[in-house]
Amino acid sequence: MKIITIIGARPQIIKAAALSRAIANHFSNKINELIVHTGQHYDQNMSEVFFDELRIPKPSINLNIGSGSHGKQTALMIEQLEAILIEEKPEALVVYGDTNSTLAATIAAAKIHVPIVHIEAGLRSFNKKMPEEINRIMCDHASTLLFSPTESGYQNLLNEGFKPTEIEKHTSDNPAIFHCGDVMYDNSLHFASLSEQQSTLIKDLGLQKNAFILSTVHRNDNTDNPKALASIFESFVDIAKNGNETIVLPLHPRTKKMLDKSLSPKLLEAVNYNENIRIIDPVSFLDMIALEIHCKMVITDSGGVQKEAFFFKKPCIILRPETEWVELVECGAAKIVGTNKTLILEAFSNFSAAKNLSFPPLFGDGDASRFICEQIIKNFG
Ligand code: UD1
Ligand code: UDP
């Protein structure tokens, strides 16, 4: 059977590696996967770097859509994806997460009756001002097979009217929902030892193991709100200066562009001329895993990095007013603080002193991708 996988943004390229690996290892005689890249992310270190390193088949097609407003970016993608789906006639379309690439592919496929497989279904922030919340709700409600990585995601789907019933073949009018573990956990398990063997980043940056903080910031609520961005970076200056802690920040291009624009000259100087704040370009996945394995704490607004912090048993301060990964907060391994400086510093100090944090096995057994392939074959094969 032929499936088309849509990727576009960095986390989707990484997630797709897990399914492509499962297909290559177990189902190469049953599934023919065609990868289409929308080009939503295009910098070398936001896209290309991942293909060789994670052994993902190169996309057969790259639409090179690039950046743009939500409407324009999504519309351009829909137009081109529709043509590809009509030409290729896949048995199913696989989409990941909640980006504009996910939404565009969903709309294109649903209207011409190509069944949709949504990986990372059911996640909700209950904040519809977040562009991703709209994308994921629309995608879930047009999908035929929905794979939730968490129990709470599965419950959200039940609460929205999906039924747990098992029938022989599912359609978009009788979709199937699964709680199946997380393909990102599959990846973290698979690539951790490779990262330990191959990544030299910790050494290259002269970092002491378990003695630095890893941070990422890219959420539009934070980058596009000068007050929020200033509060986050004032907190970093405080932690770096008063706490004498090293903070490593592989910075998303979106955030990099906003720092010069939004921070006051005084704060910008305090950030740029502080040897404890190490702003670096986005790193490869193996380097990122190395940072996650060897840091002592994570401060982030990324969905994926929150989870990876948990996989590698690191406490995580969440720079958002809510999270879809509620289990992390419930078990005490992560704390939601938004962008309030007092709360960020308080969480930092509490996690620095915390002993015996708990990281229960919440994300499956590292084989979610194989389960997903089996269900795709069962339903569409
Ligand atoms: C997108 C997703 C977000 C996801 C994130 C992962 C949407 C609505 N948002 O956000 O859910 O968490 O990807 O990283 O789909 N840019 C570059 N080079 C690139 C890519 C982006 O410079 O290769 C800059 C451009 O200025 C662009 C901005 O980043 O305008 C935002 O990019 P975009 O893809 O629209 O959204 P992200 O913030 O990356
Ligand atoms: N990541 C990476 N290099 C970086 C920053 C992040 O490889 O410099 C990886 C990270 O390990 C995770 C994914 O990118 O697997 C998360 O993507 P991102 O934070 O861009 O988006 P989100 O998960 O918030 O949608």
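A few notes on this one:
- One residue alone among Ile4, Ile13 is open to solvent by less than 10 Å² (accessible area, probe 1.4 Å) and either outside any helix (DSSP H, G or I) or without any contact (Cβ under 8 Å) to a residue 24 or more places away in the chain (or both), and that residue is Ile4.
- Of the listed requirements (1) surrounded by 18 or more Cβ atoms within 10 Å (Cβ to Cβ); (2) part of a helix (DSSP H, G or I); (3) more than 16 Å from ligand 1 (Cβ to nearest atom), Met288 misses just one: (3).
- For region 311-324, a residue qualifies if it is within 12 Å of ligand 2 (Cβ to nearest atom) and either without any contact (Cβ under 8 Å) to a residue 24 or more places away in the chain or buried (at least 24 other Cβ atoms within 10 Å of the Cβ) (or both), and the qualifying residues are Ile318, Leu319, Glu324.
Quick grid of which residues meet (1) more than 15 Å from ligand 2 (Cβ to nearest atom); (2) in a helix (DSSP H, G or I); (3) out of contact with any His (no Cβ under 7 Å at 6 or more places or on another chain); (4) closer than 15 Å to Ser302 by Cβ:
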site: Gln208; (1), (2), (3), (4): yes, no, yes, no
site: Leu214; (1), (2), (3), (4): no, no, yes, yes
site: Ala230; (1), (2), (3), (4): yes, yes, yes, no
site: Phe233; (1), (2), (3), (4): yes, yes, yes, no
site: Val248; (1), (2), (3), (4): no, no, yes, yes
site: Lys261; (1), (2), (3), (4): yes, yes, yes, no
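- Residue list for region 292-302, restricted to those being near ligand 2 (Cβ under 8 Å from one of its atoms) and open to solvent by less than 10 Å² (accessible area, probe 1.4 Å): Glu292, Thr300, Asp301
- Out of Ala334, Ala353, Ala368, sole residue that is closer than 27 Å to Asp221 by Cα and of a type in the set (A, V, I, L, M, F, W, C): Ala334
- Any chance Val283 is touching a residue at least 40 places away in the same chain (Cβ under 8 Å), under 21 Å from the mean Cα position of the chain (by Cα) and outside any loop (DSSP other than H, G, I, E, B): no
- In region 67-103, the residue that is farthest from Ile377 (Cα to Cα) out of those that are within 16 Å of ligand 2 (Cβ to nearest atom), open to solvent by less than 10 Å² (accessible area, probe 1.4 Å) and not in a loop (DSSP other than H, G, I, E, B) is Ser101.
Each row is one residue, and each column tells you yes or no for (1) of a type in the set (A, V, I, L, M, F, W, C); (2) touching a Lys or Arg at 6+ places or on another chain (Cβ under 7 Å); (3) open to solvent by less than 70 Å² (accessible area, probe 1.4 Å).
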{"residue": "Ala333", "(1), (2), (3)": "yes, no, yes"}
{"residue": "Val337", "(1), (2), (3)": "yes, no, yes"}
{"residue": "Thr342", "(1), (2), (3)": "no, no, no"}
{"residue": "Asn350", "(1), (2), (3)": "no, no, no"}
{"residue": "Leu362", "(1), (2), (3)": "yes, no, yes"}
{"residue": "Ala368", "(1), (2), (3)": "yes, no, yes"}
{"residue": "Phe371", "(1), (2), (3)": "yes, no, yes"}
{"residue": "Ile377", "(1), (2), (3)": "yes, yes, yes"}
{"residue": "Phe380", "(1), (2), (3)": "yes, no, yes"}
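- In region 250-267, the residues that are closer than 24 Å to Gly206 by Cα and either among the hydrophobic types (A, V, I, L, M, F, W, C) or buried (at least 17 other Cβ atoms within 10 Å of the Cβ) (or both): Pro250, Leu251, His252
- Boolean, His170 is in contact with a Ser or Thr (Cβ under 8 Å, 6 or more places away or on another chain), over 13 Å from Tyr96 (Cα atoms) and not hydrophobic (A, V, I, L, M, F, W, C): yes
- Any hit, region 233-251, residues being farther than 20 Å from Ser352 by Cβ and of a type in the set (Ser, Thr, Tyr): no
- Of all residue pairs spaced 6 or more apart or on separate chains, those with beta-carbon atoms under 8 Å, a first member in region 358-381 that is closer than 18 Å to Ser152 by Cα and a second member that is open to solvent by less than 30 Å² (accessible area, probe 1.4 Å) and of a type in the set (Ser, Thr, Tyr) are Leu362/Thr150; Phe363/Thr150.
- Applying the criterion of being open to solvent by 30 Å² or more (accessible area, probe 1.4 Å), in a loop (DSSP other than H, G, I, E, B) and away from ligand 1 (no atom under 15 Å from the Cβ) to the residues of region 29-58, the residue that is nearest to Ala75 (Cα to Cα) is Lys58.
- Taking the listed residues Lys111, Lys163, Lys128, the one that is open to solvent by 30 Å² or more (accessible area, probe 1.4 Å) and in contact with a helix residue (DSSP H, G or I) (Cβ under 7 Å, 6 or more places away or on another chain) is Lys128, with no other qualifying.
The values are calculated or read from the model by the stated rules, or taken from the named source; none is laboratory data. Computed from a predicted structure; not experimentally measured. Using ideal geometry, Cβ is built from the backbone for each residue, glycine included, and neighbour counts are taken over all protein chains shown. Calculation scope for accessible area: heavy atoms of the full protein, side chains included, ligands and nucleic acids excluded. Shrake-Rupley method; radii C 1.70, N 1.55, O 1.52, S 1.80 Å.
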